[in-house]
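First up is the structure itself, then whatever we jot down about it.
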Amino acid sequence: MHAIIETGGKQYRVAPGDVVRVEKLAGDIGSEVELPVKTVFTDGGELAGGATVKGTIVRAGRGDKIIVFKFKRKKQYKKTIGHRQSFTEVKVGDILL
């Protein structure tokens, strides 16, 4: 059995026991979170809506730095900035129907 969850504007395919890295969620490490489900797939077929996925926050942090370089030729314009995206790792527990 697996489910499609949506959080942070993205969709993830998860199964019980998976560890998934999602956009930053509110909560402390070790706290439980409920993630909204779009669809659940079982051995018998597909179920839509009405389900929840329970998970535990395992880790929170920031990803690798991405360098953003802007440049316009012949105009003496150069700009370099960096970005680090915050994330939360969630260990998926039960899929409740």
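Just so you know, all these numbers are worked out from the coordinates, no wet-lab data involved. None of the values given here were measured: they were computed from a predicted structure. All Cβ positions, glycine included, derive from the backbone under ideal geometry; neighbour counts span all protein chains shown.
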Could you order peptides 18-27, 60-69, 87-96 by the average number of other Cβ atoms within 10 Å of their residues, highest first? 87-96, 18-27, 60-69
List the residues whose amide H sits under 5 Å from the amide H of GLY93, counting only those 5 or more places along or on another chain, with H placed 1.01 Å from N in the peptide plane. GLY17, LYS54, GLY55, THR56
Euclidean distance between Cα centres, region 35-97 to region 6-26, Å: 6 Å
Rounded to the nearest 20 Debye, what is the dipole magnitude of the chain about its Cα centre when Lys and Arg each give +1 and Asp and Glu each give -1 at the C-beta? 1600 debye
Between the residues VAL40, VAL19, MET1, the Cα farthest towards the positive end of the dipole of the chain, that dipole coming from +1 and -1 charges on the beta-carbon of Lys, Arg, Asp and Glu, is from VAL19
Which value, to two decimals, describes the C-alpha radius of gyration of the chain once divided by 2.2 N^0.38 Å? 1.48
For a label point 7 angstrom out from the Cα of ASP94 toward its Cβ, which stretches of region 1-25 have the backbone nitrogen within less than 14 Å? 16-17
FRET efficiency for THR52 and ILE81, using Cβ-Cβ distance with R0 set to 30 Å, rounded to 0.05: 0.20
Here the relative contact order (percent) of region 2-96, from C-alpha pairs under 8 Å and at least 6 apart, is 33 percent
